[in-house]
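Worksheet: one structure, shown below.
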Amino acid sequence: MPARSSPPAPPQDVVARVERAIRRVGLAAALILIPLMILVRVTEIATRPWNLAGSLFNAMEGELFLMFAFLTIGAAYVADAHVRVDVLAERFSPRAKAWIELAGLALFVLPFAAIVLQHGSTRAALAFEDGERMALTFGAATRWAMYACVPLGVALFALAALCRAARAVQVLRGGRAEPDGL
């Protein structure tokens, strides 16, 4: 007797699973990087009287912030926590919002993501090959890891945008919008 295969998951389930994964990455990044940023800042302030390498701590904080910003942008988009012009958007119907969302994704978000993915991946690979050093790791040749957060974060952002597009298409097909969506 042939083995039964489970029916394919409905698109909404797949979108919800992908969004959960994006949120988890953002949460993990925040839980790790925010305390590190605080620790670096506090250390810099505490060591000022001894004139220790303040610029090193500033560089570390900048590197941590870059990693934080890029690794959490997808989670912010999924959670609808990004900036919108709500004064205008609140007056639009769900269908109009869905069309605007799709147009914005097609014209701005996805082309931007494609460019950053291409150039960011190249930059990370070059940093790896050249052995660029990073302040966060006290001069170890790991700058590629920081640069890799850029295309990784933008890939998560693009994935979140595609999830958003799927929800917009659902609205346009007559489905109801998610509570936090569109």
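The values are calculated or read from the model by the stated rules, or taken from the named source; none is laboratory data. These numbers come from a predicted model, not from an experiment. Backbone-built Cβ (ideal geometry, glycine too); neighbour counts: all protein chains shown. These accessible areas exclude ligands, DNA and RNA; they are computed on the full protein's heavy atoms, side chains included. Shrake-Rupley method; radii C 1.70, N 1.55, O 1.52, S 1.80 Å.
Observations on the model:
- Summed residue charge, Cβ within 11 Å of A160's Cβ, Lys/Arg positive, Asp/Glu negative: +1
- Between amide H atoms placed 1.01 Å from N, distances below 5 Å from M134 occur with G139, A140, T142, R143, all of them 5 or more places distant or on a separate chain.
- Take every pair of alpha-carbon atoms less than 8 Å apart whose residues are at least six positions apart; their mean separation over the length of the stretch 24-113 yields a relative contact order of 34 percent.
- Using a probe of 1.4 Å, the accessible surface attributed to M60 totals some 10 Å² when neighbouring protein chains are kept in position.
- Protein accessible area in the chain, 1.4 Å probe - carbon and sulfur %: 68
- Over the chain: helical MRE at 222 nm, DSSP H runs n ≥ 4 each giving -39500 (n - 2.57), nearest 500: -24000 deg cm²/dmol
- Label of the coordinate-derived value, mean projected area of the Cα convex hull in nm², listed as (i) 9.5; (ii) 18.4; (iii) 15.8: (iii)
- Remark: the stretch 23-67 carries 64 Å² of accessible area per residue (probe radius 1.4 Å; ligands, DNA and RNA excluded).
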